[in-house]
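This report concerns only the one structure given below.
The values are calculated or read from the model by the stated rules, or taken from the named source; none is laboratory data. None of the values given here were measured: they were computed from a predicted structure. Because the Cβ atoms are built from the backbone with ideal geometry, glycine has one as well, and the counts that use them run over all protein chains shown.
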Amino acid sequence: MLRVEHLTKVFPDGTVALKDVSFEVADGEFLAVIGLSGSGKSTLLRCINRLIDPTEGRVLWNDVDVTAAKGQELRHIRRQIGMIFQQFNLVKRSSVFTNVLSGRLGYASPWLSLVHQFTEEERQMALAALERVGIADKANNRADQLSGGQQQRVGIARALMQEPQLMLADEPVASLDPVLAHSILRYLEQLNREDGITVLCSLHFLDLVHRYATRVIGLKDGQLVFDGLPTELTAKKFKEVYGQEAEIVTVDGSGSGLMDHGE
Amino acid sequence: MSASDKKQDPTLPAHRHLPPWQAALFSLVVPGSGQFVVGRRQRGVGLLLALIILSVLILWQGATALFAAVAIIWAWNIWDAWQLAGDHAMRLEVPVLLAAFVVYGVGIAATEIRPARFISGWPSVQPYLTALTQPELMEHPTKDIVGQVPIQIPCITPLPQPSKPASQNPKVTVNTRCAKVGDTITVTGDGFFPNFNGEMIWVNPIGDEQHVLENGRPMKFTTDAHGHFQVKIAVPLAVPVTSLPKPGETQTHLIRAEQHKPYGPLQPTRTLRLVLNKIGETIALAFIATILGMIFALPVSFLAARNLMGGNAVTRAIYYTVRTILNIVRSIETLMWAIVFAVWVGLGPFDGTLALFFHTIAALGKLYSEAIENIDPGPIEALRATGANGAQVVIYAVLPQFMPAFASFTLYRWDINLRMSTVIGLVSDAGIGFLIIQWIRLNRFNAMATAILAIVLGVAILDYVSAWLRHRIIVGNPTNAGRTLRSYVVTGVLIIGFIAAFIWSWNVAEINLVTFVEGAPAGVRMIRDFMTPDMFTRPTKKEAVDAVLPVPCGSGVGTPSAVSGSRVNLSLSCGNVGDKLTVIGHDLPPNTHVSVRWVFADGSYLRVKKDCCTTDSSGHLRLETKIHPLMAVNPKAGRAKPGKVEITWKEVIGPPHLSKAFNMVVNLSLVTLLMALIATTLGSAFAIPLSFFAARNIMGESVLGRTTYATFRTIFNLWRSVEPMILALVCAAWVGVGPFAGVMALAINNVPNLGKLFSETIEDIDNGPVEALMATGANKMQTLVFAIVPQLVPRFLAFILYQWDINIRMSTVIGYVGGGGIGQQFRLWVGLNQYADAGMAVWAIVAMVWSMDYISARSREKLV
Ligand SMILES: Nc1ncnc2c1ncn2[C@@H]1O[C@H](COP(=O)(O)OP(=O)(O)O)[C@@H](O)[C@H]1O
Ligand SMILES: [Mg+2]
């Protein structure tokens, strides 16, 4: 269970990215985070695994205070929390296999891993993860030889290596075609349903939110302005989050969802 | 995957079932053959070639101990064949590391690296380094008063008059006319500056000066209010023991009292004024060469642009010719051109300008032509479609695309020319380098230091200016918007400044077309010799036949000599100076170049006729002349030996073989390549760790981090502005003349150059993967190894290759100033007028630079 309490983030340049944000996520939820570009979605997700240190407030993960953790303890928390990114964040020149294995670094021997030594078990695990996302045949390719959708699947496989209980996904489909977007989100859905992994995913398209999320929170200028079920997210509520100029667009552009102009 | 890759597929059925022991046996006998037969052809050929090359290298340097490594690679190759036959591919680390070990071992031997010389040579380089902290910048002008009095040492009787006079005003006296070493004497002076101090100088009979010492320090005297002083001094041993007077003789020494009274404000030293003057010349040469080079490169670049010249066979032929010439000219360093043009127009600024100019045309011609090739035809088509005319298309679609590249390449070249111009004086009398090398010869280290510091500062400032200009030209003002009055004023000032600078530079560069035209024959002859390198020589024996010719008649008798039937007949058996004489050679080798000469009574000789002669097909030779005046012998001198007429030629006695010069060139080329390799390796080894301190993202935003970053960046920039050629001068003083000094100089120069490139690379890395790995719970070291290193390695390698490329070019010239390698020999050959041999060195350099260019371009393509 994840609890976010009064989270505030002020960047050194004075930007207030999050203002007193509090919410809870029960185990097994698929939580969508929506909001305009710049509303603080990435900052929120990054505060949860402490890629960004919040200015005030706490993040509790299974009753452990993430915000107070340091060094070894923080790394142990992080390895339970997988993360995937809009830009995939793969090491482009390394092989797909190495990229996936690197998801296991938090568990691997700190010294042997430096010379790329992994156990047979870890290798099998990496193969299994790749198989699960359907690209085992690409294991020896360089990451930058893969298409965007395939790269994101490598990103998921890398996160799977952590055997995570929580998955943070920062706009995982914003750089992908509509068809690929669905395929990636279906993998997340599968992890959520079958493995019971809690998912926090920032999304932009109302139809995707309706289709995959079990709950939605909305951010506007760093403040929590919506917290409810996808069905409660009416066009009116959506405009409250996205502003009045926002127009309804679907992920494939056909006109039943909502998308803001800013993207 | 290309077709050739598929051929090497180890799973090809034809090769699949070779038993491992058979493959191993193949590889035991011929390395690589086992790999070859199981289908890994590239690997097999590579192994064989590598082993051959390594062995040749080892034998070349006689470093036979390294054969141990070759043996291990051989053994590995057998094992590898065995494994491959069993469909197991082994990793290549072991043989690659061993091969590197051998190459570096040979390299260290060939470049004569002796770390012990760092210590043994330290005393000789120390004055250079201390001088850097004491440049000669400012001084007060002084009014000087100097008085002297002679004294004779030792005393003899009678005492002769001293051989040097005393000064009258001021007046210096001494209480005795003679003394012996160690005596205390009293010196008085009058007519000096009152209440002011001065120093006592002892001048020995040869004129060497030394300070008179008091308690081991130079003695000072102080005058009273009337300009009078009196001091007691001990007579020093002022002459070396070997030059002491013989018993009963004496020598005249001088005691000199000097006062130097500063007056007026501080003013620049003579050294500083000279340096500033030459820095001006340096900048002028770079400037005029860049501008003229740019003007000439433009038309050339059209001829070298593929998209413009692709039309028909004729234009394509022009394209290839121009490209080839540009490439040849470019691969010969500017300094080499300076040596070539020195033969053409003589040493001086014009020589330097020509060298810079010539190289600039080639370099810019190539860059411009590539910019032209990169012009996007889209906008041109689009404008045509709107009905624009040709000029409009050029102005609105071609120029806007070409200008940024044009400006940036020209500025880039200006930066290079400026740096080159600082060192061109090392081979010619052009620019600041000339002062440096002169002062080093005179041991005037403080003056040298002044010049070096001036270069560092000057280059750094001009770099800054060109960065500003670049920004202004390339980034600024893309449209007419934003053109304010101020920008017009700035532009106007720039244009006027530019014209003034051009006129001034033209004068400083001493551009003189008359010299150029007059020198052309010498230059063309040299270039012709360059083009006909003598790779082969045939062993020859010198043969000679002669006939005796007493002048006048009866002045002596001698015996003619003949070789296997050849002989010389003269139309006269004796004669007088000026008599007509016909020289006839019989049975000489047919169609052979021979030389006919007078051999005078004293044995010296002179050609009868220049460029003479060739025998006909039957071995005959006939030459009409008049008896040379020097043939006359004095009949009164008695038994004089008479002069002779001699015909000499060279008899070929064996098959042609590679000339000695050719062997030297091959040898030195290898040394040069290895010098560059080792220097690059050393430079990178130091640059990699240092570069992290100059990377903003690594140093962070803390005060300490920002200061460290700024400090390292500044040091890199200042350090970079000292050219390797100048470093080589200092290194040669430190570790001795030779390739070691060259390696050191290059390595020292590579550290800041690579450091800067590396740190910029580090700043450019994609932070995404770093973040992703941190999110998985990886620690800092793991993040470094898995997310940062894989991003850096290929880019670093690309820069290292690029630097190696530059180093090869540099090491072809670093020998001019004591850095060893092929440059040293080239300069020697040009100095000896052996242009054919020098030409061979040039071709070797062109070949080296080309192959390196090719290799590094290909590898960089793969890496990035
Ligand atoms: N490192 C940073 N320094 C300063 N401001 C930042 C930084 N990162 C994000 N911000 C600002 O914080 C706000 C929230 O950003 P972000 O969390 O990236 O929004 P989102 O992901 O919803 O688009 C934005 O105004 C952004 O400009
Ligand atoms: Mg974001």
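Below, the figures for the structure above:
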| item | result |
| --- | --- |
| Pairs where the first residue, in the stretch B:578-592, is among the aliphatic types (A, V, I, L, M) and the second is surrounded by fewer than 15 Cβ atoms within 10 Å (Cβ to Cβ), C-beta under 7 Å, 6+ apart | B:Leu581/B:Ser571; B:Leu581/B:Lys626; B:Ile584/B:Asn569; B:Ile584/B:Arg622 |
| Residue check for A:Phe118: within 14 Å of chain B (Cβ to nearest Cβ) and aromatic (Phe, Trp, Tyr) | yes |
| Given (1) within 16 Å of ligand 1 (Cβ to nearest atom); (2) over 19 Å from A:Ala169 (Cβ atoms); (3) touching a Pro at 6+ places or on another chain (Cβ under 7 Å); (4) of a type in the set (S, T, N, Q), index of the condition A:Thr67 fails | (1) |
| A:Asp13 vs. criteria within 14 Å of chain B (Cβ to nearest Cβ), more than 17 Å from the chain's Cα centre (by Cα) and either in contact (Cβ under 8 Å) with a residue 12 or more places away in the chain or within 8 Å of ligand 1 (Cβ to nearest atom) (or both) | yes |
| Residue check, A:Ile34 in contact with a helix residue (DSSP H, G or I) (Cβ under 8 Å, 6 or more places away or on another chain), farther than 30 Å from A:Leu127 by Cα and buried (at least 24 other Cβ atoms within 10 Å of the Cβ) | yes |
| Exclusive hit being outside the structural domain of A:His116 (by TED's automatic domain parsing), away from ligand 1 (no atom under 16 Å from the Cβ) and within 15 Å of the chain's Cα centre (by Cα), set A:Glu73, A:Glu29 | A:Glu29 |
| Residue among A:Ser147, A:Ser183, A:Ser113 that is among the polar types (S, T, N, Q), assigned by TED's automatic domain parsing to the domain that holds A:Ile52 and touching a Leu at 6+ places or on another chain (Cβ under 9 Å) | A:Ser183 |
| Residue within the stretch B:551-565 that is in contact with a Cys (Cβ under 6 Å, 6 or more places away or on another chain) and over 28 Å from B:Thr592 (Cβ atoms) present | yes |
| Residue identified as closer than 12 Å to B:Val545 by Cα, modelled with pLDDT of 85 or more and part of a strand (DSSP E or B) among B:Arg622, B:Arg567, B:Arg597 | B:Arg597 |
| Listing of strands (runs of 3 or more DSSP E) fully contained in the stretch B:188-232 that carry 3 or more residues being of a type in the set (S, T, N, Q) and touching a helix residue (DSSP H, G or I) at 6+ places or on another chain (Cβ under 9 Å) | none |
| One residue from B:Leu757, B:Leu784 being within 14 Å of another protein chain (Cβ to nearest Cβ) and either part of a helix (DSSP H, G or I) or touching a Pro at 6+ places or on another chain (Cβ under 6 Å) (or both) | B:Leu784 |
| Residues that are more than 12 Å from chain B (Cβ to nearest Cβ), more than 16 Å from ligand 2 (Cβ to nearest atom) and surrounded by fewer than 22 Cβ atoms within 10 Å (Cβ to Cβ), drawn from the stretch A:37-60 | A:Asp53, A:Thr55, A:Glu56, A:Gly57, A:Arg58, A:Leu60 |
| Of residues in the stretch B:223-260 being basic (Lys, Arg) and surrounded by fewer than 15 Cβ atoms within 10 Å (Cβ to Cβ), the one nearest to the chain's Cα centre (by Cα) | B:Lys246 |
| Single condition A:Gly149 does not satisfy, out of (1) away from chain B (no Cβ under 13 Å); (2) within 16 Å of ligand 2 (Cβ to nearest atom); (3) surrounded by fewer than 21 Cβ atoms within 10 Å (Cβ to Cβ) | (2) |
| Helices (runs of 4 or more DSSP H) contained in the stretch B:50-150 and holding at least 1 residues touching a His at 6+ places or on another chain (Cβ under 8 Å) and surrounded by fewer than 16 Cβ atoms within 10 Å (Cβ to Cβ) | none |
| Number of the condition not met by A:Glu24 [criteria: (1) closer than 20 Å to A:Pro230 by Cα; (2) without any contact (Cβ under 8 Å) to a residue 40 or more places away in the chain; (3) near ligand 1 (Cβ under 9 Å from one of its atoms)] | (3) |
| Filter result for A:Ser22 (more than 30 Å from B:Leu784 (Cβ to Cβ) and away from ligand 2 (no atom under 16 Å from the Cβ)) | yes |
| Which listed residue, of A:Leu90, A:Leu114, A:Leu74, is in contact (Cβ under 8 Å) with a residue 60 or more places away in the chain, out of contact with any strand residue (DSSP E or B) (no Cβ under 9 Å at 6 or more places or on another chain) and either more than 16 Å from ligand 2 (Cβ to nearest atom) or more than 30 Å from A:Ile135 (Cβ to Cβ) (or both) | A:Leu90 |
| The stretch A:83-106, residues that are more than 7 Å from chain B (Cβ to nearest Cβ) and farther than 12 Å from B:Ala778 by Cα | A:Ile84, A:Gln86, A:Phe88, A:Lys92, A:Ser95, A:Val96, A:Phe97, A:Thr98, A:Asn99, A:Val100 |
| One residue from A:Lys41, A:Lys19 being among the basic types (Lys, Arg) and either near ligand 1 (Cβ under 7 Å from one of its atoms) or at pLDDT 95 or above (or both) | A:Lys41 |
| Conditions (1) within 16 Å of ligand 1 (Cβ to nearest atom); (2) under 28 Å from A:Thr55 (Cα atoms); (3) within 14 Å of chain B (Cβ to nearest Cβ); (4) surrounded by fewer than 24 Cβ atoms within 10 Å (Cβ to Cβ): number failed by A:Asp221 | (3) |
| Condition met for A:Arg215 (more than 20 Å from A:Arg3 (Cα to Cα), away from ligand 2 (no atom under 16 Å from the Cβ), modelled with pLDDT of 80 or more and of a type outside the set (A, V, I, L, M)) | no |
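Listed here are the residues, each with its yes/no results for (1) modelled with pLDDT under 90; (2) under 23 Å from the mean Cα position of the chain (by Cα).
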| site | (1), (2) |
| --- | --- |
| A:Asn99 | no, yes |
| A:Leu112 | yes, no |
| A:Glu131 | no, yes |
| A:Asp144 | yes, yes |
| A:Gln152 | no, yes |
| A:Arg158 | no, yes |
| A:Pro164 | no, yes |
| A:Pro172 | no, yes |
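Quick grid of which residues meet (1) free of Cβ contacts under 8 Å to residues at least 60 places away in the same chain; (2) assigned by TED's automatic domain parsing to the domain that holds B:Asp837; (3) within 24 Å of the chain's Cα centre (by Cα):
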residue: B:Pro629; (1), (2), (3): yes, no, no
residue: B:Gly643; (1), (2), (3): no, no, no
residue: B:Glu646; (1), (2), (3): no, no, no
residue: B:Thr672; (1), (2), (3): no, yes, yes
residue: B:Thr681; (1), (2), (3): no, yes, yes
